[in-house]
Amino acid sequence: MSKENYQNYKKHFINFYQRSRRLPSYAEMLSIFNFQSKNAVAKVVAKFVDEGLVGKDETGRLIAGPDMFGVRLLGTVQAGLPTTAEQEVGEALSLDEYLIEKKDKTYLLEVTGDSMIEAGINEGDLVIVEQDRAPKVGDIVIAEVDHEWTMKFLEKENGKMILKPANKNYPLIRPQGEMNIGGVVRGVVRKF
């Protein structure tokens, strides 16, 4: 395969990912690359893996590498008193890699309501939730309480776990029955 052909396959692969927000299947790559055999696709994918464009998870499934959605890290910015700034061009930083430790145990939820606004979580934001992280007092959790799901701070009161909103207009939630934790919030994503 020529270098020019490889760059063309790579461009089509990245375009598919950016449009669909997922990696193409091998069958879809047959069409994208205009190939006749999955063997040819496997050779291109092997080069993608070698280059770091994609990786493989524990089950062997393809996952996006940092170059698929990387953004250049330019340096730091002062959020206090203004100082002189120096630009330091760094490597590309994948937001997925930065925000998500365990892709297979992580999901996103869109926030509705305003019970967490004092924690900086607003309606329309996306929260990044990790399923298998052990919740601790003070964590923001996704919890099922009395057959309804909510997002609140996990707190302890008189030896019992309760849920505390981050908005003074909402009451504490003291579960009457069972409370199940569906995950711990690890980050918030907001578009301006």
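The values are calculated or read from the model by the stated rules, or taken from the named source; none is laboratory data. Note that the coordinates shown come from a computational prediction; the quantities given were computed from them, not determined experimentally. Cβ placement follows ideal geometry from the backbone for every residue including glycine, while neighbour counts extend to all protein chains displayed.
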Taking the range 155-192 and keeping residues under 16 Å from residue 113 (Cα atoms), in a loop (DSSP other than H, G, I, E, B) and charged (D, E, K, R) leaves 168, 190
Just a yes or no: is a residue in the range 78-96 part of a helix (DSSP H, G or I), surrounded by 14 or more Cβ atoms within 10 Å (Cβ to Cβ) and at pLDDT 70 or above?
-> yes
Considering only the range 103-123, how many residues are of a type outside the set (Asp, Glu), surrounded by fewer than 18 Cβ atoms within 10 Å (Cβ to Cβ) and in contact with a strand residue (DSSP E or B) (Cβ under 7 Å, 6 or more places away or on another chain)?
-> 7
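In the set 172, 163, which member is farther than 29 Å from residue 58 by Cα, crowded, with 17+ Cβ neighbours inside 10 Å, modelled with pLDDT of 95 or more and out of contact with any His (no Cβ under 7 Å at 6 or more places or on another chain)?
163
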So which pairs qualify, if the first residue must be in the range 37-58 and part of a loop (DSSP other than H, G, I, E, B), the second must be among the basic types (Lys, Arg), the Cβ gap must be under 9 Å, and the two must be at least 6 apart or on different chains?
-> 53/10; 53/47; 57/103
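Against the definition (aromatic (Phe, Trp, Tyr), assigned to a loop (DSSP other than H, G, I, E, B) and surrounded by 16 or more Cβ atoms within 10 Å (Cβ to Cβ)), how does residue 13 come out, yes or no? Spell out the reasoning first.
Details: aromatic (Phe, Trp, Tyr): yes; assigned to a loop (DSSP other than H, G, I, E, B): no; surrounded by 16 or more Cβ atoms within 10 Å (Cβ to Cβ): yes.
Here the answer is no, as residue 13 does not meet what is asked.
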Within the range 18-28, restricting attention to residues that are modelled with pLDDT under 85 and part of a helix (DSSP H, G or I), which residue is farthest from residue 56 (Cα to Cα)?
-> 19
